[in-house]
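S.K.: One structure coming up, written as structure tokens, with questions to follow.
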Amino acid sequence: TETTLHSKLETPYKLVTVNLPVVVESFVQQNVFRGDEYTFSSYNEEQNYIGLHQTYKGKPVDNNEGSGYHLILYLNDEFEITGYYQTYMELEQQGREQELLTPIKAIERLYNEQLIPADTVIDHVKLGYYSHLPPSGNYQVYTPMWQISVNDEFYYVNAIDGAIQSMDQVESGK
């Protein structure tokens, strides 16, 4: 189930650009419902907002329908937070705990499937929870997956069974 909040600050909150993720997460932890369960994702300078994802067990939950973020902080031209839009999901574990693939095993899967050539430089590897199944009523299923970035392309490898998901499958929930 989800909770959605819209908030407008009476007094805008001034941000500083130095170590922006830490500054933003500090504001969120102190001022937003369950703020300690969100992590900084990106700053969109063009549209003047900051996007954050909700976390589960310290890892980001991605692929939220709509904007792609669970928490959006709106900024004014003075780089102050003026309000926010928040979606909070009640998350719970289903099934038994399982051992996860290591990042190197996930990269090996991409190599073995000839999706990346030998001597490829891996830009980024991040474990998160992604949806690859369509929602069922009020429920959405998220799976732990390794997000692997290579030359501005993202690959998703299921951290339990090693299945490779295309970006289209992850975004559409298929």
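The values are calculated or read from the model by the stated rules, or taken from the named source; none is laboratory data. The model shown is predicted, which means the values in this text are computed figures rather than measured ones. Every residue, glycine among them, receives a Cβ derived from its backbone with ideal geometry; neighbour counts consider all protein chains shown. Calculation scope for accessible area: heavy atoms of the full protein, side chains included, ligands and nucleic acids excluded. Shrake-Rupley method; radii C 1.70, N 1.55, O 1.52, S 1.80 Å.
S.K.: For the Cα atoms of the chain, what angle does the longest principal axis make with the long axis of helix 103-112, in degrees from 0 to 90, nearest 10?
M.R.: 50 degrees
S.K.: Could you give the Stokes-Einstein D for the stretch 1-54 in µm² per second, using the C-alpha Kirkwood radius, 4 °C, 1.567 mPa s?
M.R.: 106 µm²/s
S.K.: Among His70, His124, His53, which one shows the biggest mean-square fluctuation in a GNM of the chain, springs joining Cα atoms closer than 10 Å?
M.R.: For the chain, modelled as a Gaussian network with Cα springs under 10 Å, the answer is His124.
S.K.: Could I ask something else about it? If you project the alpha carbons of the stretch 28-127 onto the principal axes, what extent comes out on each, in Å, largest first?
M.R.: Sorted largest first, the three principal extents are 48, 36, 23 Å.
S.K.: Something else about it: Report the residues of the stretch 139-155 in range of a label on Ser42: point 7 Å along Cα→C-beta, backbone N strictly under 20 Å from it.
M.R.: 145-155
S.K.: Here's something else I'd like to know. What's the tally of Lys pairs in the chain whose alpha-carbon atoms lie under 22 angstrom apart, where the two lysines are 8 or more places apart or on different chains?
M.R.: Lysine pairs satisfying the spacing and distance rule in the chain number 7.
S.K.: A further question follows. If R₀ is 22 angstrom, what is the calculated FRET efficiency for the pair Phe154 and Phe79, using the beta carbon separation as r and rounding to 0.05?
M.R.: 0.15
S.K.: Separate question: Taking the Cα atoms of the chain, what is the range of coordinates along each of the three principal axes, in descending order and whole Å?
M.R.: The Cα atoms of the chain stretch 54, 39, 25 Å along their principal axes.
S.K.: Taking the simple approach of a point 7 Å from Cα along Cα-to-Cβ for both Phe33 and Glu90, what is their distance in nm?
M.R.: Placing both labels 7 Å beyond Cα along the Cβ direction yields 1.2 nm.
S.K.: Follow-up. Measure off, as a whole percent, the carbon and sulfur share of the 1.4 Å-probe accessible area of the stretch 28-77, all protein chains present. Write out the running numbers ahead of the final one.
M.R.: Working: 970 of 2600 Å².
Percent of accessible area from carbon and sulfur atoms in the stretch 28-77: 37.
S.K.: Still on this structure, please answer the following. So, by mean Cβ neighbours within 10 angstrom, what's the order for 98-109, 141-152 with the highest one leading?
M.R.: 141-152, 98-109
S.K.: Counting heavy atoms of the protein chains only and a 1.4 Å probe, report the per residue accessible area for the chain as a whole number of Å². Walk me through the intermediate numbers first.
M.R.: Working: 10580 Å² over 174 residues.
With all protein chains present, the chain gives 61 Å² per residue.
S.K.: Starting from the Cα-Cα distance between Leu100 and Leu20, subtract it from 0.36 nm times their residue separation and give me the gain in nm to one decimal.
M.R.: Full-extension gain reported as 25.7 nm.
S.K.: Between Val125 and Lys8, take the C-beta separation as r, use R0 = 35 Å, and let me know the FRET efficiency to the nearest 0.05.
M.R.: For R0 = 35 Å, the calculated efficiency reads 0.40.
S.K.: What does the charge dipole of the stretch 1-120 about its Cα centre add up to, to the nearest 20 debye, if the Cβ of each Lys and Arg holds +1 and the Cβ of each Asp and Glu holds -1?
M.R.: 220 debye
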